[in-house]
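As structure tokens, the structure follows; a few thoughts come after it.
Each value in this text was obtained by applying a stated rule to the coordinates, not by laboratory testing. Predicted model only: the values in this text are computed from it and were never measured. So basically every Cβ, Gly included, is an ideal-geometry build from the backbone, and we count neighbours across all protein chains shown.
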Amino acid sequence: MAVMKFGGTSVGTARAMQQAISIVAREQENAVPLVVLSACSGITNKLVRIADAAGRGALDEAMGLAADVRSFHVALLDELIKSEASKKEVAVQIEELAGRLEMLIKGVDIVGELTERSRDMFCSFGELFSTTVFAAAMKGQGYKVAWVDVRTVMITDDHFGFARPINEMCEENVRRIITPLLQQGTVVVTQGYIGATKDGKTTTLGRGGSDFSAALLGAWLNDNAIQIWTDVDGVMTCDPRLVPEARSIRVMTFSEAAELAYLGAKVLHPDTIAPAVQKNIPVYVLNSVHPDAKGTIITNDPERLSGMSYGGLVKSIAVKKGQCIINVRSNRMFGRHGFMNELFGIFARYGVSVEMISTSEVSVSLTVDEKSFSEELIHDLESFGEVDREHHVATISVVGDNLRMSRGVAGRIFSALKDVNLRMISQGASEINVGFVVEESEVLTAVNNLHREFFSGWQNEGIFETPAGRRMDYKKAGVDISAGEEFVRMIKPQVRQTFTSGVITDIGAFGGFFQPDFSPYKKPVLVSSIDGVGTKLKIAIELGLYDTVGSCLVNHCTNDILVCGAKPLFFLDYYACGKLTPANAAAVVTGMVNACRENGCALIGGETAEMPGLYHERDFDLAGSIVGVVDHDNIINGSTIEADDVLIGLPSTGLHTNGYSLARKVLEGRMHQTFTGLDGTVGEELLKVHRSYLSVIEPFFGSPDIRGLSHITGGGLMGNTMRIVPEGLSLDVDWKSWPEPLIFDIVRREGHVPEEDMRRTFNLGIGLVMIVEKKAVNRVLSCLKSQQENAYVIGQVHRR
Ligand code: ADP
Ligand code: ASP
Ligand code: MG
């Protein structure tokens with residue numbers, strides 16, 4: 001078991017969410033995880049704005065923002081879920097959530113007051129939405145997933161906006177609800193940040209609280225690791241947004257991490273560590289963009305820590321902006337016993353926490369969050385003496401185990417800050433931090449100077465690491481090995497479904513092994529062919545429909561050897577792209593798998609190549625080759641064709657795989673257009689699958705009635721059929737003898753394409769031509785009819 005928490009940025013776009021799904025899928029192969037999600041990035045902030053707007057009666061504004069939240073999630077599921085049926089199912093859930101959010105807005109608007117309780121209700125929607133989409137998308141990809149409403153598990157007190165769990169109840173709920181699902185091998189997806197009181201009122205644990213939820217759930221599960229997946233390579237030597245050179249910290253102690261989180265490093269919620277410490281569970285902070293980067297391990301395990309933490313080492317620099325210094329000056333009361341107690345009593349009364357403090361004979365200076373206090377508090381403080389404030393300051397803290405005990409550190413700190421105006425200095429009560437206050441405008445200079453002092457150069461490589469995002473590697477150069485592995489993992493089960501008895505190796509070997517059974521053949525001949533899909537791919541890319549072009553390819557190759565009299569044995573494909581998106585590439589393979597199964601052909605190998613720079617990001621190419629077998633005596637090659645033989649045409653499903661450059665040019669930008677008489681849109685029509693003629697033609701194999709077969713591809717009906725017609729003979733085709741599918745006429749009319757080009761470029765409705773001895777025509781036609789094949793006599797062979 002493992003608890004995996006993904007933060008807002010790790011689920012904030014379809015791509016990020018897909019990446020998170022892949023990370024969960026990979027973990028699930030080792031241990032079935034409990035997945036705890038944040039809201040998609042930016043959504044909780046939007047919900048806060050919705051709540052505020054509803055509270056002050058700005059109904060239109062609130063409803064407008066709610067509509068944004070709804071459509072954001074609809075777009076997300078649209079991109080992530082391919083199957084129409086499952087898309088519909090989730091869409092219903094999303095609409096229901098959106099409906100509840102609207103009802104809440106209207107309710108608050110009517111009452112005219114926003115309570116803390118309803119504010120929590122608003123904020124809870126972000127996590128409910130994100131988990132709903134995530135669970136459905138993962139389910140859609142074939143995983144066993146359960147969505148759990150965490151409010152049935154995380155029972156809290158009623159301190160709305162800052163609720164704390166009732167441990168025993170929660171632990172029992174975890175045992176009752178979550179553990180059994182995990183034990184059955186079901187991935188559990190649930191919400192961070194939110195909970196409910198005993199009587200079912202929704203609560204939240206405070207902003208950024210999903211980390212805390214994950215740690216709590218991990219502790220109740222008695223898990224062996226808590227993974228916090230975020231958008232940076234773990235806990236870093238400073239916020240990388242302030243210090244671009246920041247490096248990631250490989251290992252830290254619980255106390256270092258707790259101190260750092262409390263002092264402002266946003267990467268971890270300050271309360272995250274407590275439940276982990278209690279049960280001594282290591283916390284891993286990992287990067288969902290670079291899942292293979294090592295990240296940070298937070299632990300007290302001496303083995304892990306050995307060599308990673310030594311006296312006086314500065315591990316990190318934390319910054320808290322938006323602070324205010326309050327100075328209280330008095331020459332009367334300082335030093336008087338009980339004075340401090342009274343002073344802090346005022347802060348306690350207003351529920352304001354004091355961050356840093358420094359005292360002298362005549363004054364006390366302290367910092368508080370700018371947004372946390374009111375004028376009444378200042379007024380009350382004035383009873384002690386003169387009060388003044390310095391706004392727009394930031395606290396900076398240097399954190400490291402045993403920092404205060406080590407010699408020279410303070411000197412290095414202050415010399416690094418010699419050009420900065422220090423407004424306040426505080427040793428901090430803990431031994432592991434030294435803090436000071438600077439004006440906000442000097443934060444960048446201060447932290448970059450400090451960072452240079454303690455972390456420049458390549459020393460301490462074992463402890464600090466350059467983040468993966470800054471290292472030039474294969475992935476940065478555009479080739480993502482892990483995406484390749486992910487893709488192979490996704491396609492393996494499908495590809496195995498094509499394996500026939502001849503296949504003796506699994507995918508992944510250097511070569512595909514195939515042991516054919518030639519016993520039914522007197523003199524087996526192998527027939528092979530190779531082809532591509534051409535620019536039909538562009539339409540698939542434009543429409544985002546990836547799972548049919550693979551069938552076109554396999555069927556195309558099957559037909560090519562079929563017209564020689566051969567039955568397919570195995571197929572190998574080549575997929576090359578600008579950027580490998582495992583889900584799309586896997587959909588392409590689904591198409592090939594479907595056709596391979598239909599044709600009894602094993603997909604025994606392939607190559608996937610990611611070639612940034614050669615192809616545009618979304619572009620890909622698809623090619624494949626087939627090998628089949630025919631008995632020497634049954635080879636069909638047209639050599640027996642004679643004058644007066646008859647041409648029988650079998651219908652195509654559409655353009656099949658040729659003529660697309662012309663058709664696309666004519667119908668550019670009109671893929672979603674419809675025409676009277678056309679079943680779907682132009683795009684859907686053009687994407688229709690190139691059919692296989694194997695099942696229809698196979699019954700004729702070995703029959704002397706069939707003198708030649710021609711697969712109509714590029715070159716058209718005449719061009720292809722003439723390939724098999726012996727010298728001295730020619731073809732007489734009655735072009736009006738079969739119904740031409742409407743799409744061809746649309747291209748003809750819209751592009752003013754001359755008839756000759758139409759005939760040379762397109763199949764015009766005939767995908768395969770059989771050349772049959774005249775007296776066998778009726779027999780052949782009735783056999784075709786018995787297979788529900790609409791065949792047409794379309795011409796004959798004549799002497800030139
Ligand atoms: P999530 O959505 O995954 O919970 P947060 O935005 O809450 O992510 O936290 C991650 C962010 O914390 C990082 O993008 C980084 O800018 C910031 N951060 C601040 N201090 C640090 C630090 N010491 N190490 C890493 N990241 C930090
Ligand atoms: N979604 C919540 C927030 O933005 C909780 C979290 O992301 O941890 O604060
Ligand atoms: Mg966070």
- Message: To make sure I understand, if each residue's beta carbon is the centre and we count other beta carbons within 10 Å, what order do Ile326, Ile357 fall in, fewest to most?
- Response: Ile357, Ile326
- Note on the structure: Here the residues of region 697-724 lying in the modelled label zone of Lys774, meaning backbone nitrogen under 16 Å from a point 7 Å along Cα-to-Cβ, are 707
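What FRET efficiency comes out for Leu97 versus Gln788 if R0 is 45 angstrom and r is the Cβ-Cβ distance? Round to the nearest 0.05.
Calculated value: 0.45.
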- Could you give the angle, 0 to 90 degrees to the nearest 10, between helix 59-80's Cα long axis and the longest principal axis of the Cα atoms of the chain? 50 degrees
- Between Leu742 and Tyr350, what length in nm is gained on full extension when 0.36 nm per residue of separation is reduced by their alpha carbon distance? 133.4 nm
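Can you give me the relative contact order of the chain as a percent, contacts being Cα pairs under 8 Å and 6 or more apart?
Reported relative contact order: 8 percent.
Kindly put Ser551, Ser365, Ser625, Ser786 in sequence by how many other C-beta atoms sit within 10 Å of each C-beta, fewest to most. Walk me through the intermediate numbers first.
Working: Ser551 24, Ser365 21, Ser625 17, Ser786 9.
Least to most surrounded, the residues fall as Ser786, Ser625, Ser365, Ser551.
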- Message: How long are the semi-axes of the equivalent ellipsoid of region 474-521, defined as square roots of 5 times the Cα gyration tensor eigenvalues? Whole Å, largest first.
- Response: 32, 12, 7
- Query: What does the convex hull of the Cα atoms of region 162-312 come to per residue, in Å³, rounded to a whole number?
  - Reply: 133 Å³
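How would you rank 790-798, 393-401, highest first, on the average number of other Cβ atoms within 10 Å across their residues?
Values: 790-798: 18.3, 393-401: 25.3.
So the order, starting with the most tightly packed, is 393-401, 790-798.
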- Message: So if the hydrodynamic radius of the chain is defined as the Kirkwood radius over C-alpha pairs, what does Stokes-Einstein give as its diffusion coefficient at 25 °C and 0.890 mPa s, in µm² per second?
- Response: 78 µm²/s
- Would you mind calculating the relative contact order of region 603-696 from Cα pairs under 8 angstrom and at least 6 residues apart, reporting the percent as a whole number? 23 percent
- Two-site FRET efficiency, Glu113 against Arg15, from Cβ-Cβ distance with R₀ of 41 Å, rounded to 0.05: 0.50
- Item | 29 Å tail of the calculated P(r), region 6-165, as % of Cα pairs | 21 percent
- For a paramagnetic label modelled at 7 Å from the Cα of Asp68 toward its Cβ, which residues of region 1-44 fall within the zone defined by backbone nitrogen distances under 15 Å? 40-44
- What is the order of Trp229, Trp738, fewest Cβ neighbours within 10 Å to most? Trp738, Trp229
- Item | Contour minus Cα-Cα distance for Asp60 and Glu89 (0.36 nm per residue) | 7.5 nm
- Kindly provide log₁₀ I(q)/I(0) values, in the same order as q = 0.09, 0.14, 0.17, 0.20 Å⁻¹, from the Debye equation applied to equal alpha-carbon scatterers of region 419-554. -0.65, -0.97, -1.23, -1.39
- Tell me the label-point distance for the pair Glu617, Asn45, using the 7 Å Cα-to-Cβ offset, in nm and rounded to one decimal. 2.2 nm
- Query: Considering the dipole of the chain built from charges on the beta carbon (Lys and Arg +1, Asp and Glu -1) around the Cα centre, which of Phe570, Leu182, Pro754 is farthest to its positive end?
  - Reply: Phe570
- Calculated from DSSP helices alone, with each H run of at least 4 adding -39500 (n - 2.57) and the total divided by the residues of the chain, [θ]222 nm to the nearest 500 comes to -11000 deg cm²/dmol
- Task: May I ask you to list the aspartates and glutamates whose Cα is less than 18 Å away from that of Lys88, ignoring any residue fewer than eight positions away on the same chain?
- Result: Asp78, Glu79, Glu96
- Provide the FRET efficiency to the nearest 0.05 for the Phe513-Glu245 pair, computing r from the beta carbons and using R0 = 56 Å. 0.60
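Can you pick out the pairs among Lys294/Lys475; Lys201/Lys321; Lys82/Lys579; Lys476/Lys579; Lys320/Lys475; Lys82/Lys665 whose Cα atoms lie more than 23 Å from each other?
On the way: Lys294/Lys475 15 Å; Lys201/Lys321 33 Å; Lys82/Lys579 19 Å; Lys476/Lys579 12 Å; Lys320/Lys475 34 Å; Lys82/Lys665 28 Å.
Violating the 23 Å limit, Cα to Cα: Lys201/Lys321; Lys320/Lys475; Lys82/Lys665.
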- Query: Packing-wise, with mean Cβ within 10 Å as the measure, how do 82-90, 509-517 rank, highest first?
  - Reply: 82-90, 509-517
- Message: Along the Cα→Cβ direction, 7 angstrom out, place labels at Asn280 and Lys106. What is the inter-label distance in nm?
- Response: 5.7 nm
- Ratio of region 614-721's C-alpha Rg to 2.2 N^0.38 Å, to two decimals? 1.40
- Inter-probe distance in nm under a simple model that places probes 7 Å from Cα toward Cβ, at His752 and Asn30: 6.6 nm
- Net dipole in debye of the chain [+1 Lys, Arg Cβ; -1 Asp, Glu Cβ; about Cα centre; nearest 20]: 940 debye
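Once fully extended, how much extra length lies between Ser661 and Ser528, figured as 0.36 nm per residue of separation less the alpha-carbon to alpha-carbon distance?
Values: separation 133, 0.36 × 133 = 47.88 nm, distance 2.63 nm.
Length gained between Ser661 and Ser528: 45.2 nm.
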- Rounded, prolate or oblate: pick one for region 541-696, where a ≥ b ≥ c are the square roots of the eigenvalues of its C-alpha gyration tensor, a/c under 1.5 means rounded, and failing that, prolate if a/b is larger than b/c, else oblate. oblate
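Using packing as a proxy for protection, rank 703-710, 584-591 so that the peptide with the highest average count of other Cβ atoms within 10 Å comes first.
584-591, 703-710
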- Query: Taking the Cβ of Glu375 as the center, what net charge do the other residues with Cβ under 12 Å away carry, scoring Lys and Arg +1 and Asp and Glu -1?
  - Reply: -2
